[in-house]
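Working notes, beginning with the structure itself.
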Amino acid sequence: MDNTPLSLLGTIEALDWFFVPGCDVTITDMVIAEATREPGEGRDQRRASRAYVTRWLNENRSRITVLETAEGRRYQREMQLWEKAGRPPDLHPDWSDRGERSVLSVVQDLKSALLQDEEIIVIMDDRDGRDAVRAVRADIALMGTRTFIRWMEEDFGIAAAATAWHSIRLATGDNADEGDDNDPVYIRTR
């Protein structure tokens, strides 16, 4: 997943839903860095939600596979250098699209490890990231957070999922991406 599903489901404290399908839950180091870092001045400051996400990640370390990526290592180096330089604002490392790039690299790596009856489920709201994942030739089920919530309600019977999207919209000031109605779930089989 990219950071948005963590963030959105974190606003309603529903991150345990990722375990409901019984799949391995894999998150990249860069997505975790995005989910837990201070967003910066003038950015969305949902501190309680970020604290919940951080706590959930820590409490579920044994249930989550964190994949180290080149993007995550590069980000850590850049942040360390920036800190050592005294945090000059003009040299702040760029945060844009790093989580999505780390997810794409992991999907590309994981495709070769898939068994014949397995697929990768990617939960991603970033539209450019979704386009990039669509280009990977592997067995992939790609969905946005809203579709994931609907999946939780319809296939797994989670009653709270019926009103979850409305709650997320309220919690985010109606800034959550509704997703693309023409492409709620994208499935590619080899």
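The values are calculated or read from the model by the stated rules, or taken from the named source; none is laboratory data. In this text the structure is predicted, and so the values were computed from the model without any measurement. Neighbour counts are summed over all protein chains in view; Cβ atoms, including those assigned to glycine, are modelled from backbone coordinates with ideal geometry. Calculation scope for accessible area: heavy atoms of the full protein, side chains included, ligands and nucleic acids excluded. Shrake-Rupley method; radii C 1.70, N 1.55, O 1.52, S 1.80 Å.
When ligands, DNA and RNA are left out and all protein chains stay put, how many square angstrom of accessible area per residue does the chain have with a 1.4 Å probe?
Counting only protein heavy atoms, the per-residue value for the chain is 56 Å².
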Checklist entry - Summing +1 for each Lys or Arg and -1 for each Asp or Glu, what net charge is found among the other residues whose Cβ lies under 11 Å from the Cβ of Met124? => result -4
Next on the checklist: Between Gln116 and Ala160, what is 0.36 nm times their sequence separation minus the Cα-Cα distance? Round to one decimal in nm.
Outcome noted: 12.4 nm
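Between Arg63 and Glu83, what FRET efficiency follows from the Cβ-Cβ distance if R0 is 30 Å, with the result rounded to 0.05? Working shown, then result.
Details: r = 31 Å, r/R0 = 1.03.
Efficiency at R0 = 30 Å is approximately 0.45.
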Checklist entry - Using modelled backbone amide H atoms (1.01 Å from N, in-plane), which distant-in-sequence or interchain residues come within less than 5 Å of Ile120's amide H? => result Asp139, Ile140, Ala141
Checklist entry - Of the residues Asp94, Asp139, Asp128, which exhibits the maximal mean-square fluctuation in a Gaussian network model of the chain defined by a 10 Å Cα contact cut-off? => result Asp94
Checklist outcome for this item: Mean Cβ-within-10 Å packing, highest first, puts peptides 140-148, 23-31 in the order 140-148, 23-31
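Once neighbouring chains are kept in place and the probe is 1.4 Å, which whole percent of the accessible area of the chain is contributed by carbon and sulfur? Before the final figure, lay out the partial values.
Details: 4940 of 10630 Å².
That fraction is 47 percent.
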Checklist outcome for this item: If amide H atoms are modeled at 1.01 Å from N in the peptide plane, then the residues at a separation of 5 or more from Val25, or on another chain, having amide H under 5 Å from its own are Thr65
Checklist outcome for this item: Between the modelled labels at Asp128 and Ser96 (7 Å from Cα along Cα→Cβ) the distance in nm is 0.6 nm
Checklist outcome for this item: Using alpha-carbon positions, the gyration tensor of the stretch 1-125 gives root eigenvalues a ≥ b ≥ c; with a/c under 1.5 called rounded, otherwise prolate if a/b exceeds b/c, else oblate, the class is oblate
Next on the checklist: Which order do the peptides 6-15, 65-74 come out in when sorted by mean C-beta neighbours inside 10 angstrom, highest first?
Outcome noted: 6-15, 65-74
Item to check | Under the Karplus curve 6.51 cos²θ - 1.76 cosθ + 1.60, θ = phi - 60°, whole-Hz ³J(HN,Hα) for the stretch 153-160, x wherever Gly or Pro sits | outcome: 6, 6, 9, 10, x, 7, 4, 5
Checklist entry - Of Glu178, Glu59, Glu119, which is the most mobile in a GNM of the chain whose springs link Cα atoms less than 10 angstrom apart? => result Glu59
Checklist entry - Percent relative contact order of the chain, based on C-alpha pairs within less than 8 angstrom and at least six residues apart? => result 26 percent
